[in-house]
Amino acid sequence: MPTNRTRVAILKACVLFGLWTAYGLLCAWQAHYWYAFSAHPMSWPEALRYELTYAYLWGAFTPLIRWLARRYRLERNVWPRHLVAHIASILVLVPVIKLLFDAITGPPTSAFHDMAWEKLFRSVQSTFDTGTLLYIVVVLVEHAILYYKSYQGGLIKASQLQTQLIQAQLQALKMQLHPHFLFNTLHTISALVHEDPDLAERTITRLGELLRLFLANSTIHEVPLSEELHILELYLEIEHARFEDRLQVHYDVPVELHEAMVPNLVLQPLVENAIRHGLGKKAGPGVIHVSAERFNGTLVLRIADNGVGLREDAIKARAQKPGYQGMGLSITRGRLESLYGAKQSLALRNLPAGGAEARITMPYRSFPDEAARKNSVMEDHVELQNTDR
């Protein structure tokens, strides 16, 4: 079986053969009708023999001309001396091809009939303009191909650099989010150490499990919504240690949306924001409502609470500046922008019945391969076990 490189070489040879054949047929048609009204008409067989032979000779030298075009590219700073190299090539190749044509076809004007230097010069001169034009066309086509490849390569490289930049931005944002969450959780644990040591120990155990999940997903930027809800439940178990029966959480997430892809660790900062800045300032019981809806190609996530709400004149500032509602909300907004660009939004608003709501909209995509997800999770567990050792 031929390799890909061999198939490409065969394809290029076929394309060159077809192009030079088309050129030879066109020249044969012109020659036949050009001489049809002269004293010595040219038959179709003669026209085809002469013009196809000349075309195929140029086809045979095309690889050499293409190499010369690549070797002596007409680029800035080097084009003068490279132009001299091409002129020298024209002065050599055009006469060689014409003399080979005379030797193979033996036309009436051939330089090899009654060999003489004057006749040799006239034979070469008669087609020098055509030969020069053909050489220039081959060089220009090769330059066009080279510049097109460079352009495509530049686009690919720019796309790769853009992807790497976004990946680096996302990773940096996630690395900011983890210590932010850890600091707040450790603050809760420190308050329980003396009040309820057993509860503090259980909270540390839950924190360890949650951090293990963070580590397993450290290089993953999107996960199924079901996994995100599992992380959120572990976090809320830790928060229950602080609020006890004062904190209630209700979920309204249809089963068919569990495989929707969402940013990894997108719900926890919003729920944390609702607890600390909404419910934390309220004396009575706190309720958090987590819901998800799909509208055609859009996924909408909502985190609502019955806390103290937001001042209308500060909603926008609170959503954009870490100083108003903490680092988590600002980082979440940056991650959404990096992942989805203009196809996402993160909005805060007060609810008519009291409290506030954070709403995220993003493109809806379901997880493509459940088996691949399970394999990925198993690989993550193996890596974690190796880390423990």
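The values are calculated or read from the model by the stated rules, or taken from the named source; none is laboratory data. Predicted model only: the values in this text are computed from it and were never measured. Note that we place each Cβ from the backbone using ideal geometry, even for glycine, and neighbour counts take in every protein chain shown.
General observations
- All told, Pro263 falls short of being buried (at least 22 other Cβ atoms within 10 Å of the Cβ) and more than 27 Å from the chain's Cα centre (by Cα).
- Residue within the stretch 300-313 that is part of a helix (DSSP H, G or I) and either at pLDDT 85 or above or of a type outside the set (Phe, Trp, Tyr) (or both) present: yes
- Residues satisfying the stated conditions in the stretch 181-225, i.e. among the aromatic types (Phe, Trp, Tyr) and either at pLDDT 75 or above or exposed (fewer than 14 other Cβ atoms within 10 Å of the Cβ) (or both): Phe183
- If you go through the stretch 267-313 and keep only what is acidic (Asp, Glu) and touching a residue at least 40 places away in the same chain (Cβ under 8 Å), you end up with Glu272, Asp305.
- Residue count, the stretch 314-335 (criterion: among the basic types (Lys, Arg), surrounded by fewer than 20 Cβ atoms within 10 Å (Cβ to Cβ) and either at pLDDT below 80 or under 15 Å from Ala274 (Cα atoms) (or both)): 2
- Some residue of the stretch 68-85 being among the acidic types (Asp, Glu), in a helix (DSSP H, G or I) and out of contact with any Lys or Arg (no Cβ under 9 Å at 6 or more places or on another chain): no
- Only one of Leu247, Leu234, Leu270 that is within 21 Å of Ser338 (Cα to Cα) and at pLDDT 80 or above: Leu270
- Taken over the stretch 339-356, the criterion of being part of a strand (DSSP E or B) and surrounded by fewer than 19 Cβ atoms within 10 Å (Cβ to Cβ) is satisfied by Ser345, Ala347, Arg349, Asn350.
- Of the set (1) over 18 Å from Leu348 (Cβ atoms); (2) out of contact with any Ser or Thr (no Cβ under 6 Å at 6 or more places or on another chain), all apply to His277 but (1).
- Set Arg73, Arg122: member being farther than 26 Å from Leu146 by Cα, surrounded by 11 or more Cβ atoms within 10 Å (Cβ to Cβ) and either in contact with a helix residue (DSSP H, G or I) (Cβ under 9 Å, 6 or more places away or on another chain) or assigned by TED's automatic domain parsing to the domain that holds Ile145 (or both): Arg122
- Checking each residue in the stretch 20-46 for being assigned to a helix (DSSP H, G or I) and surrounded by 15 or more Cβ atoms within 10 Å (Cβ to Cβ) picks out Trp20, Tyr23, Gly24, Leu25, Cys27, Ala28, Ala31, His32, Tyr35, Glu46.
Residue-wise test of (1) at pLDDT 90 or above; (2) more than 15 Å from Val124 (Cα to Cα).
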position: Leu48; (1), (2): yes, yes
position: Thr53; (1), (2): yes, yes
position: Gly59; (1), (2): yes, yes
position: Trp79; (1), (2): no, yes
position: His86; (1), (2): yes, yes
position: Ile90; (1), (2): yes, no
position: Leu93; (1), (2): yes, no
position: Ile97; (1), (2): yes, no
